[in-house]
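Peer 1: For reference, the structure I am asking about is given below.
The values are calculated or read from the model by the stated rules, or taken from the named source; none is laboratory data. Keep in mind that what you see is a predicted model, and the values were worked out from it rather than measured. Here the Cβ is made from the backbone with ideal geometry for all residues, glycine too, and neighbour counts use every protein chain on show.
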Amino acid sequence: MGVISRVKREAFIRPWLKKGYSRRLANLYYKKVCADFEEDNGVSAADKKWAHSLGYMSGSIEKYDLKNTPGKYISDVDYMYLKPFNNSFTKWVGDLVTENRVLVNHREHLPELYFNIIEREEKKVFLPIDTVERKYGENYDDFIRLLNERGELVIRPDRASANRCAYVIKRTGEDRYELKEDTACKARMSIFGNQYDAAYLLSDYPDDLPKDFEKNPCKREYYDKNSLYELISTFKYGYVIAEPYKISGEPCLLRIYAANEKLKETRLLDYYCTDLDGDNVRCRAVTPTGELDGRKIGCWDEIIKTVTGIAGYISEIEYFTVSIMLTEDGFVIDSIDTNPDLPPIAHSDALNSFLVERLEKKRETVVVTREKWWTAFKDKRFKRFVRTFCRPGIRPYMQKLWMSSVWDDFKHNKGTTLSQKLWCYKRGFLSFRIKQYGLTKDNYKSFLSDYQYHWLNRINNSYQIWINDKTTTRYVFEPYKQYLAKYYYDIIKMEGETCIKALQDIPEGFDASFDGIFALLRREKLLVLKPSSGTHGDGFYRMEYADGKYLINGDEMTEDEIKSMIEGFKSIYVITEYLFMHKDLKKIYPYSVNTIRVAVVNQSAYEPKIMQTYMRIGSSSTGFTDNVGYGGICAKIDIPTGRYYCAEKIIDHKFTPCPVHPDTGVEIEGIVPNWELMKKGITDICRFMPELEYLGFDIAITDDGFKIIEINIHQDLHKVAEHSEEFKAFFRDKLALKAKQYDLKKY
């Protein structure tokens with residue numbers, strides 16, 4: 001950008017900065033204004049400049065009749081300011097597979113999905129969406145059998161995209177299949193103004209394919225089973241196999257705007273219908289009672305009931321739209337958008353009032369401080385540093401963790417010399433690993449280094465969102481909820497206010513309020529309060545009611561003090577049942593749950609295997625948690641038998657024998673109760689989510705079975721020195737695959 005362009009941009013954004021908008025938003029608005037000036041839409045330059053000064057694009061002049069109603073509707077720049085509208089729970093409806101898992105009790109009107117196509121070990125793998133009953137099998141051959149039975153299926157992107165389209169796959173004879181563009185998808189893309197190219201996905205065909213293997217599937221006459229797989233293997237992104245829509249008449253989409261206010265009330269704010277009138281897109285308003293052009297949409301009442309039910313179920317998501325396609329037998333919810341644009345026609349007063357009210361609240365609560373600006377600036381510079389100087393493929397977050405660990409090791413590890421430290425850092429190890437692993441120049445290559453493990457993150461694909469916070473795990477694991485603690489409450493900050501939601505397992509008669517929480521605690525006597533996405537036991541609170549008193553981690557507190565503490569939380573917390581461990585394990589140390597860590601690898605996606613197990617035991621040093629790094633005890637467990645033995649503590653970074661618990665005097669050796677039941681349950685759960693291949697379960701063994709406390713997507717490396725050869729081979733494969741991805745010779 002030249003000097004003159006910079007001056008023009010700065011002159012434009014300066015007034016917006018004075019109004020309180022961030023520089024990032026002002027720059028984004030400037031780019032939109034420049035593009036709007038370039039567009040030939042029949043609006044004069046003077047009118048465009050006038051609209052831009054008010055915060056609108058030129059198309060809004062006619063849309064809102066701005067000349068006669070200036071300021072009535074929220075401006076385009078203010079709508080940009082409101083984004084993002086929601087919190088991290090938008091991931092629940094970010095892709096069709098996750099949406100299908102989260103809305104397991106609302107699938108009747110969702111797209112019917114059969115297979116999820118993911119990449120594993122550089123090959124496309126067909127995974128069943130139904131991983132409980134597995135009605136349709138679990139691989140490509142099963143997909144072909146289903147296609148032969150059904151005659152026609154759709155392969156569609158797993159999430160909305162402007163550059164990807166869906167195809168109908170149709171059986172036309174013995175081992176003969178044809179592909180054509182899905183008309184429902186084509187209409188949908190046209191309706192929303194997205195341009196796409198059917199050959200976009202297929203531009204990277206390998207050179208050794210047959211010459212008659214056309215890049216555009218619509219141009220090829222037919223495929224056999226093998227060439228169809230070769231075609232699908234070229235798709236770069238996620239796809240699913242789904243049931244085709246049986247569209248009622250001409251394709252049209254209904255879009256409904258919904259809002260959840262502070263986890264309690266669901267409001268439907270606006271409705272409109274978009275369809276194709278020849279080659280032109282036609283958009284019409286729908287009344288709240290379902291009237292369209294003087295006639296009521298036939299299944300309107302059922303649509304409203306379904307949308308309201310789904311919105312209330314996922315009330316953590318505050319604002320979104322639901323797009324609905326009318327079919328021969330009713331309707332299907334085609335997509336849910338948590339970052340929607342405003343309607344292409346003037347929106348309703350209800351939607352406008354909601355947005356204006358939200359705008360005022362955001363202006364009251366959001367303050368861009370110099371400290372925040374400086375933090376954002378440093379993060380941006382650090383990301384640039386990582387891209388320029390660090391190993392390709394390392395996430396900035398993991399690079400920062402590595403550098404922090406090295407600095408901490410350098411300052412505090414007095415057991416190694418400077419030359420030893422430098423030798424370790426050069427090879428990717430922290431220097432205390434010399435004692436912990438017995439590192440030497442001859443054997444260090446046989447260990448997975450700290451930096452390699454940081455670099456590998458993330459091993460799992462995008463579906464790790466299912467388990468990187470506890471609230472989502474509870475939603476996704478509905479079919480296996482018997483293996484989870486009971487989830488009672490979500491506690492979320494919304495617009496600066498602490499909001500409480502009653503979750504799936506709340507007993508009848510307890511409402512979503514502080515009074516409800518205290519009433520439940522008085523009944524249950526013990527509850528757990530912990531961060532939804534916490535690790536290492538950080539932020540864990542043991543809530544107790546005894547002798548008419550409330551105790552938090554053993555300290556007496558009043559209701560007002562507890563309420564004040566919770567209102568001070570900035571992150572999302574959950575309240576769950578308190579798990580009581582098996583009486584045999586409680587004898588070792590009664591004040592923590594003494595969890596079992598189970599590392600599972602599911603590299604093939606079909607055969608999960610337990611690779612490593614050990615027990616973590618609390619002590620007076622850890623209090624109510626059992627974190628090994630904070631002074632807990634670790635005991636090996638023999639996978640075939642469940643025998644625990646060889647208990648150790650980390651002293652000066654080195655595992656040191658601890659055969660007897662230092663606080664209770666109990667010998668740490670025996671058989672883990674319910675071991676076979678636990679192993680079967682864990683492998684069944686891994687088959688339930690075959691998309692994920694590397695998991696670390698924290699298990700509480702109870703008197704009648706076991707419960708999953710949490711699932712880790714990148715567990716700690718405490719016991720890497722004891723990895724089996726098979727476990728080591730898994731990491732070597734991952735390292736080699738990532739090195740190939742980034743064209744690295746050394747990793």
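Peer 1: Identify the single condition in (1) touching an Asp or Glu at 6+ places or on another chain (Cβ under 6 Å); (2) crowded, with 20+ Cβ neighbours inside 10 Å; (3) not in a strand (DSSP E or B) that Leu66 does not satisfy, given that it satisfies every other one.
Peer 2: Of the numbered conditions (1) touching an Asp or Glu at 6+ places or on another chain (Cβ under 6 Å); (2) crowded, with 20+ Cβ neighbours inside 10 Å; (3) not in a strand (DSSP E or B), the odd one out for Leu66 is (1).
Peer 1: Continuing with the same structure: Pick from Ile566, Ile588, Ile562: which is of a type outside the set (Lys, Arg) and either within 16 Å of Phe706 (Cα to Cα) or part of a loop (DSSP other than H, G, I, E, B) (or both)?
Peer 2: Ile588
Here's the yes/no breakdown for (1) surrounded by fewer than 17 Cβ atoms within 10 Å (Cβ to Cβ); (2) within 19 Å of Asn468 (Cβ to Cβ); (3) touching a residue at least 60 places away in the same chain (Cβ under 8 Å):
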{"site": "Lys530", "(1), (2), (3)": "no, yes, yes"}
{"site": "Tyr545", "(1), (2), (3)": "no, no, no"}
{"site": "Lys549", "(1), (2), (3)": "yes, no, no"}
{"site": "Asn553", "(1), (2), (3)": "yes, no, yes"}
{"site": "Thr558", "(1), (2), (3)": "yes, no, no"}
{"site": "Ile572", "(1), (2), (3)": "no, yes, yes"}
{"site": "Tyr589", "(1), (2), (3)": "no, no, yes"}
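Peer 1: Determine whether Glu556 is part of a strand (DSSP E or B) and among the acidic types (Asp, Glu).
Peer 2: yes
Peer 1: Now for a different question. For the range 667-695: of the residues being part of a loop (DSSP other than H, G, I, E, B) and of a type in the set (Val, Ile, Thr), which is surrounded by the most Cβ atoms within 10 Å (Cβ to Cβ)?
Peer 2: Out of the qualifying residues, it is Val672.
Peer 1: Evaluate the range 665-682: report whether one residue or more is of a type in the set (Val, Ile, Thr), within 29 Å of the chain's Cα centre (by Cα) and closer than 24 Å to Arg542 by Cβ.
Peer 2: Taking every residue of the range 665-682 in turn, none turns out to be of a type in the set (Val, Ile, Thr), within 29 Å of the chain's Cα centre (by Cα) and closer than 24 Å to Arg542 by Cβ.
Peer 1: Assess whether Tyr475 counts as being touching a helix residue (DSSP H, G or I) at 6+ places or on another chain (Cβ under 6 Å), part of a helix (DSSP H, G or I) and within 30 Å of Ile317 (Cα to Cα).
Peer 2: yes
Peer 1: Would you check which residues across the range 111-158 are surrounded by 19 or more Cβ atoms within 10 Å (Cβ to Cβ) and among the charged types (D, E, K, R) and list them?
Peer 2: Glu138, Arg156, Asp158
Peer 1: OK, next. Considering only the range 591-608, how many residues are touching a residue at least 24 places away in the same chain (Cβ under 8 Å) and not in a strand (DSSP E or B)?
Peer 2: 11
Peer 1: Let me ask something else. Which residue pairs have Cβ atoms under 7 Å apart, sit 6 or more places apart or on different chains, and have a first residue in the range 10-37 that is free of Cβ contacts under 8 Å to residues at least 12 places away in the same chain and under 18 Å from Ser60 (Cβ atoms) and a second that is of a type outside the set (A, V, I, L, M, F, W, C) and in a helix (DSSP H, G or I)?
Peer 2: Pairs found: Phe37/Lys48.
Peer 1: Determine, yes or no, whether Arg643 is buried (at least 17 other Cβ atoms within 10 Å of the Cβ), at pLDDT 90 or above, of a type in the set (Lys, Arg) and closer than 30 Å to Leu439 by Cα.
Peer 2: Here the answer is no, as Arg643 does not meet what is asked.
Peer 1: If you don't mind, another one. Is it fair to say Lys380 is without any contact (Cβ under 8 Å) to a residue 24 or more places away in the chain, exposed (fewer than 12 other Cβ atoms within 10 Å of the Cβ), in a helix (DSSP H, G or I) and within 27 Å of the chain's Cα centre (by Cα)?
Peer 2: So Lys380 passes the test.
Peer 1: Give me a count of the residues in the range 613-632 that are more than 17 Å from Val660 (Cα to Cα) and either among the hydroxyl-bearing types (Ser, Thr, Tyr) or at pLDDT 95 or above (or both).
Peer 2: Residues flagged as more than 17 Å from Val660 (Cα to Cα) and either among the hydroxyl-bearing types (Ser, Thr, Tyr) or at pLDDT 95 or above (or both) within the range 613-632 amount to 3.
Peer 1: Can we say Phe477 is under 28 Å from Ile650 (Cα atoms) and either in contact with a strand residue (DSSP E or B) (Cβ under 9 Å, 6 or more places away or on another chain) or modelled with pLDDT of 95 or more (or both)?
Peer 2: No.
Peer 1: Another one. Can you tell me which residue among Leu54, Leu25 is at pLDDT 90 or above, in contact with a Ser or Thr (Cβ under 9 Å, 6 or more places away or on another chain) and within 20 Å of Arg358 (Cβ to Cβ)?
Peer 2: So the residue among Leu54, Leu25 that is at pLDDT 90 or above, in contact with a Ser or Thr (Cβ under 9 Å, 6 or more places away or on another chain) and within 20 Å of Arg358 (Cβ to Cβ) is Leu54.
Peer 1: What is the number of the single condition among (1) closer than 18 Å to Pro590 by Cβ; (2) in contact (Cβ under 8 Å) with a residue 40 or more places away in the chain; (3) not in a strand (DSSP E or B) that Ser621 does not meet?
Peer 2: Only one criterion is unmet by Ser621, namely (2).
Peer 1: Give me the residue from the range 136-155 that is outside any helix (DSSP H, G or I) and in contact with a Pro (Cβ under 8 Å, 6 or more places away or on another chain) and, out of that set, farthest from Ala729 (Cα to Cα).
Peer 2: Glu152
Peer 1: Between residues in the range 481-509 that are over 17 Å from Ser532 (Cα atoms) and residues that are modelled with pLDDT under 95 and basic (Lys, Arg), which pairs lie under 6 Å by C-beta distance while being six or more apart or on different chains?
Peer 2: Partner pairs satisfying both residue conditions: Glu495/Lys361.
Peer 1: With respect to Asp505, is the statement that it is modelled with pLDDT under 95 and under 22 Å from Ala700 (Cα atoms) true?
Peer 2: Taking the combined requirement at face value, the residue does not satisfy it.
Peer 1: Going residue by residue through the range 394-410, is there one that turns out to be at pLDDT below 95 and β-branched (Val, Ile, Thr)?
Peer 2: Among the residues of the range 394-410, not one is at pLDDT below 95 and β-branched (Val, Ile, Thr), which makes the answer no.
Peer 1: Quick check: is even one residue across the range 217-226 modelled with pLDDT under 85 and either touching a His at 6+ places or on another chain (Cβ under 8 Å) or basic (Lys, Arg) (or both)?
Peer 2: Yes.
Peer 1: Here's another thing I want to ask about it. Starting from residues that are crowded, with 20+ Cβ neighbours inside 10 Å and aromatic (Phe, Trp, Tyr), keep the ones in the range 438-462 and report whichever is farthest from Ile713 (Cα to Cα).
Peer 2: Result: Phe447.
Peer 1: Among residues belonging to the range 33-54 that are assigned to a helix (DSSP H, G or I) and touching a helix residue (DSSP H, G or I) at 6+ places or on another chain (Cβ under 8 Å), point out the one that is surrounded by the most Cβ atoms within 10 Å (Cβ to Cβ).
Peer 2: In this case the residue turns out to be Ala51.
Peer 1: Just to be sure, is Asn468 in contact with a Leu (Cβ under 8 Å, 6 or more places away or on another chain) and not in a helix (DSSP H, G or I)?
Peer 2: no
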